[in-house]
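Engineer: There's a structure below that I have some questions on.
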C-alpha cells in the first residue's frame, strides 16, 4: 500500500515527538548521574509502533489514520528492519557523534521514511 503524503507527514511528526522525548530523557538521566543504556534501531521501531497504537486509539479518525494502518506499519517495519539496522549501524560508526537514544531514533526514522518513499516510487512507477 502506498502511503499518502498526509500519512508520511503524520509519521514524521510522531517520529519527531519520539526523538524529542529521548532528548529530554537523556537530559534527565544526566542530571541524576545515570548512564544511558545501549539503544537499538529495533527498539526505535517498536517505540514507534507503540506510539502509533496509542495515537490510533486516541485520535485515529480525527487525523485521518485509515483502518489497518497499524498493521501496515508493522508489516513495513518488519520488511524494512534489516535494511534500516544496517543503515543506522553505518551512520553511527561513520559519524563522530556518540550513539544515543535520540540519535538512534532519528537515524532509524529517517531510514524508515526513505524506505517508505522508495516503496511509494516503486508502486507509482516514478523514479
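Laboratory data are not the source of any read-out in this text; all were calculated from the coordinates shown. Bear in mind that the values here come from a model prediction, so they are computed numbers and not experimental data. In this analysis, Cβ positions are derived from the backbone assuming ideal geometry, glycine residues included, and neighbour counts consider all displayed protein chains.
Engineer: I need 61, 56 ordered by Cβ neighbour count within 10 Å, fewest first.
Structural biologist: 61, 56
Engineer: Relative to the longest principal Cα axis of the chain, at what angle does helix 101-124 sit, 0 to 90 degrees, rounded to 10?
Structural biologist: Here the helix axis deviates by roughly 20 degrees.
Engineer: A further question follows. Could you please rank 20, 73, 116, placing first whichever residue has the fewest other Cβ atoms within 10 Å of its Cβ?
Structural biologist: Listed from fewest to most nearby Cβ atoms, that is 20, 116, 73.
Engineer: Then there's this: If contacts are Cα pairs under 8 angstrom and at least 6 residues apart, what is the relative contact order of the chain in percent?
Structural biologist: 42 percent
Engineer: For semi-axes √(5λ) of the Cα gyration tensor in Å, pick the label among (1) 22, 18, 15; (2) 52, 32, 8; (3) 27, 19, 11 that corresponds to the value derived from the coordinates.
Structural biologist: Given (1) 22, 18, 15; (2) 52, 32, 8; (3) 27, 19, 11, the calculated one carries the label (3).
Engineer: Starting from the 7 Å offset along Cα-to-Cβ, what nm value, one decimal, do you get for the label separation of residue 78 and residue 57?
Structural biologist: 2.2 nm
Engineer: Helix-only mean residue ellipticity at 222 nm, the chain, DSSP H runs n ≥ 4 weighted -39,500 (n - 2.57), per residue, nearest 500. What is it?
Structural biologist: -28000 deg cm²/dmol
Engineer: Of the candidates 31, 87, 55, which one comes out as most mobile in a Gaussian network treatment of the chain with C-alpha springs shorter than 10 Å?
Structural biologist: 31
Engineer: Turning to a different aspect of this structure: With everything on Cα atoms, drop me the angle between helix 5-31 and the longest principal axis of the chain, reported from 0 to 90° to the nearest 10.
Structural biologist: So the helix axis and the longest Cα principal axis differ by about 10 degrees.
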